[in-house]
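Beneath this line is the structure, given in structure tokens, with notes to follow.
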Amino acid sequence: MSLPLFDAPKEIYPAFVAEAEIVLFQGDVNDFVDSLPDGSVKLIITSPPYNLRKAYEDKISIQKYLTAQQRTIARLHRILHPQGSICWQVGNFVEKGEVFPLDIYYYPMFKELGLFLRNRIIWHFGHGLHTQKRFSGRYETILWFTKSENYTFNLDSVRVPSKYPGKRHYKGPNVGKPSGNPNGKNPSDVWEGLAEEWESCFWEIPNVKSNHPEKTEHPCQFPVELVERCVLALTNEGDRVFDPYAGVGSALVAAVKQNRRAMGSEQEADYVNITHERLQAYFNGTLKLRPIGKPVHKPTGKEKVAQIPHEWQEQPQQAR
Ligand SMILES: C[S@@+](CC[C@H](N)C(=O)[O-])C[C@H]1O[C@@H](n2cnc3c(N)ncnc32)[C@H](O)[C@@H]1O
């Protein structure tokens, strides 16, 4: 276990200063990014506004939205460290029932800047809204790009338990020896369990809806654990992690928890205040967080919501 860099409450600076361990800027992302030095951020991780009419969004046309995003991404490229990464988490823009997968639109913007795609991570939800005229959407993606071919990737920090640790080589020079890694396996590019539990708390099981330890009033907050995996894999202790659309500061909490320097910009004062409160609660030891790597809750089948409703039990099976 590493020693915590943040062993006591740290000052939260409202604007960038080189020695700051935490910077939380209230205002437009572009104004903040322009105040940062070249190459100063090791990981930019964000879920940008989606143009989907959430509480904080005005609906503008997709073209206008993408043009504005392209300008911001070019600015972000300037501040990204030569060995750094950008993780861009997006879903779909939907207009009159037509789906526009945002990562397809974003990909060429990053490529134009010369970035390298390392993974298109599928963040899969087991639960969600049920659509009537198309299949229900059950995943979003995280595009992970690096600025160069020489980048930080700490696989050993994020290994997960293997399903069959007892597997052995059955041929070749290592025959009979364990074939896996004693520290676990690569978590792969499909991130399921963590998202499934997160979503199930909000969408599907009403009696646990308000009980998820991390939930705030923000409509689409990151689970801290999701950011933590990226922070651990793509940065080293003391590196700067920046969420340009910080919301209620989940990325800042993840960075601080893992002894990285944290920065965020957010236009809404309410969300900035919540981020302050969450960081203070973290330092006081009162912030409730789902521990990283905690096994996902599996229903036993005995829960009320897992039972077939009695009204359906007498109906004949529908023909398939
Ligand atoms: C999808 S949410 C991010 C939520 C965040 N990942 C969290 O865990 O709380 C996008 C955020 O971007 C903020 N935002 C939108 N446009 C912005 C801008 N131009 N500058 C700064 N923040 C902006 C919104 O207020 C919103 O909180």
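None of the figures in this text is laboratory data; all of them are computed from the coordinates on show. What you see is a predicted model, and the numbers here were worked out from it, not measured in a lab. Using ideal geometry, Cβ is built from the backbone for each residue, glycine included, and neighbour counts are taken over all protein chains shown.
If you take the beta carbon distance between Thr152 and Glu314 as r and set R0 to 56 Å, what does 1/(1 + (r/R0)^6) give as a FRET efficiency, to the nearest 0.05?
On the way: r = 60 Å, r/R0 = 1.07.
In this case the efficiency is close to 0.40.
Would you mind checking the pairs Lys42/Lys257; Lys163/Lys185; Lys111/Lys257; Lys64/Lys215 and listing those with alpha carbons more than 20 angstrom apart? Intermediate results must be reported in sequence, preceding the final value.
Details: Lys42/Lys257 16 Å; Lys163/Lys185 9 Å; Lys111/Lys257 32 Å; Lys64/Lys215 31 Å.
Long pairs (Cα-Cα over 20 Å): Lys111/Lys257; Lys64/Lys215.
Please go through region 87-176 and write out the chymotrypsin sites (Phe, Trp or Tyr not before Pro) that DSSP classes as loop and that have at most 15 other C-beta atoms within 10 Å. Walk me through the intermediate numbers first.
Values: sites: Trp88, Phe93, Tyr105, Tyr106, Phe110, Phe116, Trp123, Phe125, Phe135, Tyr139, Trp144, Phe145, Tyr151, Phe153, Tyr170; in loops: Phe125, Phe135, Tyr151, Phe153, Tyr170.
Loop-located and lightly packed - Phe135, Phe153, Tyr170.
If packing is taken as the average count of other Cβ atoms within 10 Å, what order do 21-30, 94-103 fall into, highest mean first? Working shown, then result.
On the way: 21-30: 19.2, 94-103: 13.3.
Highest mean packing first, the order is 21-30, 94-103.
If you stretched the chain out fully between His169 and Phe135, how much longer would it get, using 0.36 nm times the residue separation minus the C-alpha to C-alpha distance? Can you show the working numbers first?
Details: separation 34, 0.36 × 34 = 12.24 nm, distance 4.14 nm.
Length gained, His169 through Phe135: 8.1 nm.
Got a sec? How would Ser188, Ser40 order by Cβ neighbour count within 10 Å, fewest to most?
Numbers: Ser188 11, Ser40 18.
Lowest count first: Ser188, Ser40.
Would you calculate the separation in nanometres between label points at Thr67 and Lys215, each defined as 7 Å from the Cα along the Cα-to-beta-carbon direction?
Placing both labels 7 Å along Cα→Cβ, they lie 4.0 nm apart.
By how many nm would the segment from Glu11 to Asn119 lengthen if fully extended, with 0.36 nm per residue of separation less the alpha-carbon distance? Walk me through the numbers on the way to the answer.
Numbers: separation 108, 0.36 × 108 = 38.88 nm, distance 3.49 nm.
So the chain would gain 35.4 nm between Glu11 and Asn119.
For Glu192 and Ala74, calculate 0.36 nm times their separation in residues minus their Cα-Cα distance, and state this gained length in nm to one decimal.
Working: separation 118, 0.36 × 118 = 42.48 nm, distance 3.10 nm.
Working it through step by step, the gained length comes to 39.4 nm.
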